[in-house]
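The values are calculated or read from the model by the stated rules, or taken from the named source; none is laboratory data. All of these numbers come straight from a predicted model, not from anything done at the bench. Cβ sites come from the backbone with ideal geometry, for glycine too, and all protein chains shown count toward neighbours.
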Amino acid sequence: MTQTARHLSIIVLILLLATATRITNVGSWPVWTDEGWSIWATDDARLDVVLDNLAHDRHPPLYFVALRGWRSLAGDSPLALRYLSIAAGILTVAVAYRLGADVFGRRAGKYAALLLAVLPIAVYYSQEVRHYGWFILFVLLSWLCFLRFLKYPTFGIWLGYITSLTLAFYTLYFAVLPLAVQVVVGLVWWLGRNTRGSYSQPSPYKKSLLWLVGAWVVMGILYLPWLWVIATIQFPTLSSGIGNLPGTYAATLANIPALGELLLGAQWALLLGLGALAVWNIRVAHVDILLDEQESTDAMYRVPTQPDFHRGNNRVPLQWAVVLGGFGLLVAMFLLSARFNLLSGRTLVFVVPMLVVVCGYGASLIENKMRDSSPTAANVLLGAWVLVTLLTPTVIQPRLDSDVTARMVAEEYAAGDLIVLETGWDDNAFAYQLRRVLPDAEIVRTITRADIYSDQKDLLPAMMPLFDSHRRIWVVQWLQAPQIMNALDAGTAGYQPVIRHEVPVNADYRQRFGESLTQIVLYEKPMPDVQTWQFGDLFTLRDALVPTQARAGERLPVDLWWSVSTPPQLDYSVGVFLLDSSGAVQVEHNGPPAGQRTVQWVTGGLYFDRHTLMLPPNLPARRYSLVVKVYWYGDNEALPVDGQPFATIGEIEVQ
């Protein structure tokens, strides 16, 4: 195998590793707050609705418009929704290699790609239903085109620079930060090179600078349509910044280790050391160049000679540009955060590829220095880092177990139930997980701009028509003040709580944000005087809530409400049966009513009793009768109801 083929095979393996780290388990994670918002914002297939949702928030449109189009093709599975970010993440690894190889050499590019393939923050933001993966890619592409233009100014590279920079701005407003660094680098580069050539010939660098300025102007013109949206609609929201939202960091010295681990993983000190080694080597090379320039002068006919930067023999200015685009911008954002609060994973992640390119150069220096004594030292060092990183992943963003909550609701959900979410800004995330398991459920969110939303914060007037039109309401509550839950607990519209579950937050979430619970409560509105069935002289079935439709293979919950004429002396059981047209029992459920011994019942009480029938997957699609009997398990004798051993309480259409 030739050296080139061997090198290409290594790059392919690194890209396969990047693919594996970004796809593994990605379909099993619940969506979190911001991902839920992305899904909600692109739910409508109409482009004008999607753009309106974005305009009234704080996001540029590119990623979300693409997500809307992608959803129409690929669907709404977790993997499909995250695929756009996964693809961008894999491409980012490839671009990181190319940038590192251009500026520092192929070994440095190889190590940079390897670092980015497994770095937790890079992997994480390649797996979100968010625009950050795209933003990282476009920013890195803009750097690649920008540095290539400085080195080989061609029209094609110029167009690539305009395109990547424009796409970055249409993806996230933080594109202004790398652009600011590129402007500074471009001006410094021009000031250091504008005397290139003789006194009688104009400097070629002046023309290149004009082309760079032209690129920035063209990008600004292309951005004007959305700039109008920012100025007229979004500015009040954007001016508030990211505030002190969860996941943000104050610009203090005490937070530097936490930020280091966030950006560079648990072994951040090792990577920082590689970066420091790279910067030191660039500095030494720069000093050597300055000394060479001082020794080579011609006072009469030419200015001090410069290294042949235009032909690529000198990479040092480009290397300093990469350092400024990574570590320099990171330090600047840290200092600015004392005033503007810019520090969080999602706002810093775009500098990570530039950081790892510098660190990859540091690793290549170790390989070069130890080539004779230990040629595999750098490979062993980074191999151990990769192994440790994969075995001890860093949690970038804890996620609520909204999928667990959704499955718990689905296990006891009945067709026609209303689901009300009081989960704060996680309404959209919970709604997505619920629709994954209950695609036909009616779900109401009470905090987002969709569904029920009130600037007056009094949701009950808007909810009352829904209370009146339903008999069963699920309320899922977390974080948000439980206005609906409190009202139903108090008996509003005749509802009573009948089933209650609590789901503690997971260990990752608890460690970051403290203890909290997701509450799941089913409220039911009995109507005891509409139709009753008398079983013997003891039990009265006051109400029965039965779904009118069900599907084979699913659960069929049947809710009964009982009272007693006199306190029973025996523990009775209730049987619920699904009969076909011939009277044959197809499905049944037997057990004590309400999960409570009937000898403990008292007159005047109203007792809720749920029986869940498990419908077989092969149950023929047709109409079935639903009947109830009451019996003492000791002799299995049914209490008579209207002279019969059971009462027919309804019919079910099984589909």
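Residue-by-condition table, conditions (1) within 15 Å of Pro78 (Cα to Cα); (2) touching a Ser or Thr at 6+ places or on another chain (Cβ under 8 Å); (3) modelled with pLDDT of 90 or more; (4) in a loop (DSSP other than H, G, I, E, B):
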{"site": "Asp427", "(1), (2), (3), (4)": "no, yes, yes, no"}
{"site": "Phe430", "(1), (2), (3), (4)": "yes, yes, yes, no"}
{"site": "Ala450", "(1), (2), (3), (4)": "no, no, no, yes"}
{"site": "Ser454", "(1), (2), (3), (4)": "no, no, no, yes"}
Total residues in the range 226-254, condition at pLDDT 85 or above, under 15 Å from Leu172 (Cα atoms) and surrounded by fewer than 16 Cβ atoms within 10 Å (Cβ to Cβ): 1
Residue check, Ala299 more than 25 Å from Thr171 (Cβ to Cβ), among the hydrophobic types (A, V, I, L, M, F, W, C) and either surrounded by fewer than 18 Cβ atoms within 10 Å (Cβ to Cβ) or at pLDDT below 90 (or both): yes
Residue match in the range 569-583 (condition: of a type in the set (Ser, Thr, Tyr), touching a residue at least 40 places away in the same chain (Cβ under 8 Å), more than 26 Å from Thr548 (Cα to Cα) and touching a Pro at 6+ places or on another chain (Cβ under 8 Å)): yes
Residue in the range 1-8 that is assigned to a helix (DSSP H, G or I), among the β-branched types (Val, Ile, Thr) and in contact (Cβ under 8 Å) with a residue 24 or more places away in the chain present: no
Failed criterion for Pro304 (all others in (1) surrounded by 14 or more Cβ atoms within 10 Å (Cβ to Cβ); (2) at pLDDT 55 or above; (3) farther than 17 Å from Trp143 by Cβ hold): (2)
Test: Gln519 is touching a helix residue (DSSP H, G or I) at 6+ places or on another chain (Cβ under 6 Å), within 30 Å of Ser344 (Cβ to Cβ) and in the same structural domain as Ile447 (by TED's automatic domain parsing): no
Qualifying residue in the range 594-610 (condition: crowded, with 17+ Cβ neighbours inside 10 Å and farther than 25 Å from Ala414 by Cβ): no
Residue tally, condition polar (S, T, N, Q), touching a Phe, Trp or Tyr at 6+ places or on another chain (Cβ under 7 Å) and under 13 Å from Glu422 (Cβ atoms), over the range 467-518: 1
Residue among Ser625, Ser573 that is in contact with a Ser or Thr (Cβ under 8 Å, 6 or more places away or on another chain), at pLDDT 90 or above and among the small types (Gly, Ala, Ser): Ser625
